Amino acid sequence: MKRHIKYIAGVAVMMLVTATSCKKDFFNKAPEDAITLDNFYQTAEQVQSSTNGLYNNVWFSWNNKASWAITEIASGNARSYSSDVVAFGNFSATGDNTEISNAWTSLFTVIAQSNALINNLPSKVPASVPSATTNNALGEAHFMRAAAYFYLVRLFGPVPIIENSLDYVNNFQINTNTVVDVYKFIENDLKFAEANCTPMVRSGSSVAQGHVSSGSATAMLSKVYLYEQKYADARASAEKVISSGEFKLYGLDIAGKTYNNLFVTANNNNEESVAALQWAAGAPYGHGNSLQASFAINSIITGTGDGYSVIGPTIDLQKAYEPGDIRKHGTIMLAGDKYPELNQAAGGFTVPADVNAQGTKAGIKKYVTGTPADNGGKGAAQSTGNNTYIMRYADVLLIEAEAVLASAITTSDPAALVPFNKVRARAGLNPLPAVTKNDIYHERRIEFAIEGDYWFDLGRLDGFNAASHPLAAVIIGNQERGTYSNDTPPVVYSQKIPISSSGFLFPYPTTEVAANPKLNESPVPYTFK
């Protein structure tokens with residue numbers, strides 16, 4: 001951990017002094033004259049642009065592979081033979097796994113950069129800059145720190161709470177803090193963001209809407225409350241977002257759009273986007289979105305030589321869709337499916353009959369956006385420009401439904417059914433007259449498949465901060481994680497993989513434990529300032 005704390009702290013400060021104004025995008029180069037923390041934040045534009053880096057490169061090692069390897073493969077939505085990620089499918093990943101280390105390092109880098117802004121802006125910004133501008137930037141930093149901790153606590157459980165990364169450069173052996181306190185810290189950050197970020201009413205798609213708003217913080221807070229089983233608070237926050245009118249459901253509230261349009265680059269920062277990572281098409285490695293490189297079934301789709309089909313949708317996920325659910329076409333590719341938005345120069349792309357990503361007779365469509373020509377001429381190998389969602393408005397609607405259900409077995413309360421069935425209507429499905437927790441979890445799985453959410457849902461199924469997960473273990477143990485044969489019709493080579501009921505957290509990276517043995521000590525309460 002010593003190595004990473006020193007590196008992360010250094011990166012955070014370096015990125016602070018190289019941030020710059022951003023009229024057209026998130027990635028303009030820094031001024032060529034000398035920049036220091038003492039002279040950079042002199043204008044409102046400079047302060048506004050100081051948060052740009054929080055949406056891009058610091059998240060890359062999480063977005064690149066760790067996010068989907070951990071969440072989609074472990075949850076049973078995806079499978080892979082690839083040696084670097086297969087351990088997540090059979091629950092054998094150890095602290096030596098590269099993607100566990102990448103997740104840890106990337107998320108703590110987000111925290112470090114957020115901390116650098118939080119600890120420097122108040123003293124470095126002159127009085128000539130409007131306080132609302134400074135407060136908004138601070139709110140964004142608090143939001144991103146909360147988002148990173150939200151991932152970390154759900155992946156690892158107790159983790160160290162760090163409010164100023166520079167405090168630990170020479171004092172790197174620090175205890176983890178309790179899960180309850182990490183969640184309290186996340187809540188506090190989101191409440192700060194809610195109070196200080198600028199409110200927004202979203203219309204169309206624009207770069208300006210790429211930054212989080214006060215409503216984004218309220219929406220994320222509703223999700224955090226849901227995980228803590230604070231159902232009344234989750235409901236209140238979700239209803240606050242819904243009544244604000246800031247966000248809208250693509251394909252239902254926004255005419256002429258569909259669920260599938262959510263993952264088209266031209267629709268970045270749309271009305272449904274609560275928070276998203278911002279990538280630059282064709283940018284150097286680490287600044288563009290690399291998901292298509294791993295997901296696309298071939299290089300015809302990408303036009304840039306990548307398209308490695310490292311994962312395929314499990315048989316279990318394929319069979320989970322109800323007949324007529326349009327989300328299936330937008331999430332997975334099946335033989336004969338047609339996508340006019342891909343390979344447009346050749347009249348579109350038809351999935352070949354021999355599609356077979358990782359033995360699944362299918363491929364991944366979500367986050368696969370096509371050639372540079374399909375995307376306004378922009379793009380390169382491992383560098384597309386489509387956003388990665390952290391949260392969408394559909395999540396808020398399903399949070400509202402679950403918060404109304406709370407601990408009941410079933411509910412027909414319109415307060416739950418209206419938002420729940422709105423999500424189903426967008427998918428082309430009939431409404432349900434009543435819902436159970438299983439209904440909501442199923443809907444969440446299908447709605448957010450290949451978006452890194454289902455593993456975390458499984459992890460909370462048995463209750464907040466549960467030590468054992470018998471209900472989730474049964475679900476995973478019954479999933480079909482096998483492959484199809486090449487026969488006609490194909491035969492399923494069944495594979496059911498059990499998981500320990502205590503196996504829903506991942507080990508700390510071995511290198512971090514070696515540097516900071518306190519990671520293996522019992523977590524301690526955090527002293528809140």
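Annotations
- Peptides 317-324, 69-76 ordered by average Cβ neighbours within 10 Å, highest first: 69-76, 317-324
- Rg over Rh for the chain works out to 0.95, using Cα positions for both radii and the Kirkwood form for Rh.
- Convex hull (Cα only) mean projected area of the stretch 291-386, reported in nm² to one decimal: 5.7 nm²
- Think of each Lys and Arg Cβ as +1 and each Asp and Glu Cβ as -1; about the Cα centre, that makes the dipole of the stretch 291-386 roughly 80 debye.
- By average C-beta atoms within 10 angstrom, highest first, the peptides 185-196, 469-480: 185-196, 469-480
- If the chain linking residue 407 and residue 255 were pulled fully straight, counting 0.36 nm for each residue of separation and taking away their Cα-Cα distance, it would gain 51.2 nm.
- For the stretch 247-297, the equivalent ellipsoid derived from the Cα gyration tensor has semi-axes of 24, 13, 8 Å, listed largest first.
- Base-10 log of normalised Debye intensity for the stretch 119-174 (one unit scatterer per alpha-carbon) at q = 0.17 Å⁻¹: -0.72
- With a Förster radius of 60 Å applied to the beta-carbon distance between residue 488 and residue 232, the computed FRET efficiency rounds to 0.65.
- Model label zone, residue 39; criterion: amide N under 18 Å from point 7 Å along Cα-to-beta-carbon; scope the stretch 100-127: 124-127
- Amide H contacts under 5 Å for residue 254, placed H, 5+ residues apart: 249
- Within the stretch 303-346, backbone nitrogen closer than 13 Å to the virtual label 7 Å beyond the Cα of residue 81 toward Cβ: 309-312
- Of the peptides 159-171, 274-286, 357-369, the order by per-residue mean of other Cβ atoms within 10 Å, starting with the highest, comes out as 357-369, 274-286, 159-171.
- Taking Cα centre as origin and charging only the Cβ of basic (Lys, Arg, +1) and acidic (Asp, Glu, -1) residues, the dipole magnitude of the chain rounds to 120 debye.
- Too-long pairs where the Cα-Cα distance tops 27 Å, listed order kept, from 223/338; 65/422; 338/378; 223/422; 328/422: 223/338; 65/422
- Remark: the residue 468-residue 203 segment gains 91.0 nm on full extension, using 0.36 nm per residue and subtracting the alpha carbon distance.
- Separation between Cα centres of the stretch 310-373 and the stretch 434-480, rounded to whole Å: 24 Å
Values in this text are rule-based calculations from the coordinates and carry no lab data. Bear in mind the structure is a predicted one, so any value in this text is a computation, not a measurement. Here Cβ is always computed from backbone atoms with ideal geometry, including for glycine, and neighbour counts include all displayed protein chains.
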